[in-house]
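Written out below as C-alpha cells is the structure these notes cover.
The values are calculated or read from the model by the stated rules, or taken from the named source; none is laboratory data. Everything numeric here is computed off the predicted structure, so don't read it as measured data. Don't worry about glycine lacking a Cβ; one is built from the backbone with ideal geometry, like all the others, and counts go over all protein chains shown. Accessible surface is based on the protein model in full, side chains and every heavy atom, while ligands, DNA and RNA are left aside. Shrake-Rupley method; radii C 1.70, N 1.55, O 1.52, S 1.80 Å.
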Amino acid sequence: MAISTSHFMYFAIVVCSLAIILGNNNSVSAQCQGDVQGLMEQCARYVQKSGPKIQPSGGCCGVVKNVDLSCVCNHITVEVESVINMEKAAFIAESCGKPLAHGSQCGSKIFHQ
C-alpha cells in the first residue's frame with residue numbers, strides 16, 4: 001500500500017508542478033493549439049523522471065495528436081524539465097504517432113531521432 005501511495009503522491013506532485021509552471025504562463029494555452037491542460041493531466045504519469053518508459057494510454061495519445069507539440073516545446077522551462085524526463089516525452093510523442101522532428105528542440109534538449 002505504501003508503494004502505491006508514494007507513486008500516487010509523486011504523480012500528483014508532477015501534475016501540480018506542471019499545472020503551476022505552465023499555468024502561470026497563460027501564453028502557452030493561448031498560443032498553442034490543442035488541450036495543454038489535458039496534455040498535463042493525461043500524460044504526466046508517462047513523463048515522470050522515475051520509472052521506465054511505458055506505453056501511453058489512449059487518452060494521452062488522443063491529446064498528443066491534437067496539440068501543437070512544437071509550440072508546447074517552445075514553452076518548456078528549466079522548472080518543467082526538473083519534474084519531467086524529456087526523453088520520455090519524446091518517446092510518448094513517437095508512440096502516439098506524432099514524433100518530434102529530427103533536430104527539433106524541446107526545452108533544452110535537441111532530439112536526433
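In the stretch 77-101, what residues are modelled with pLDDT of 95 or more and among the polar types (S, T, N, Q)? Listed by number, the list holds a single entry, Ser95.
Can we say Tyr46 is at pLDDT below 85, of a type in the set (Phe, Trp, Tyr) and surrounded by 15 or more Cβ atoms within 10 Å (Cβ to Cβ)? Show your work before the answer.
Values: at pLDDT below 85: no; of a type in the set (Phe, Trp, Tyr): yes; surrounded by 15 or more Cβ atoms within 10 Å (Cβ to Cβ): yes.
So Tyr46 does not fit the description; no.
Taking the numbered list (1) open to solvent by less than 50 Å² (accessible area, probe 1.4 Å); (2) at pLDDT below 90 in turn, Gly59 passes all entries but (2). Scanning the stretch 86-106 for residues that are surrounded by fewer than 18 Cβ atoms within 10 Å (Cβ to Cβ) and part of a loop (DSSP other than H, G, I, E, B) yields a total of 7. Among the residues that make up the stretch 63-76, is at least one of them open to solvent by 80 Å² or more (accessible area, probe 1.4 Å), part of a loop (DSSP other than H, G, I, E, B) and at pLDDT below 90? No, every residue in the stretch 63-76 fails to be open to solvent by 80 Å² or more (accessible area, probe 1.4 Å), part of a loop (DSSP other than H, G, I, E, B) and at pLDDT below 90.
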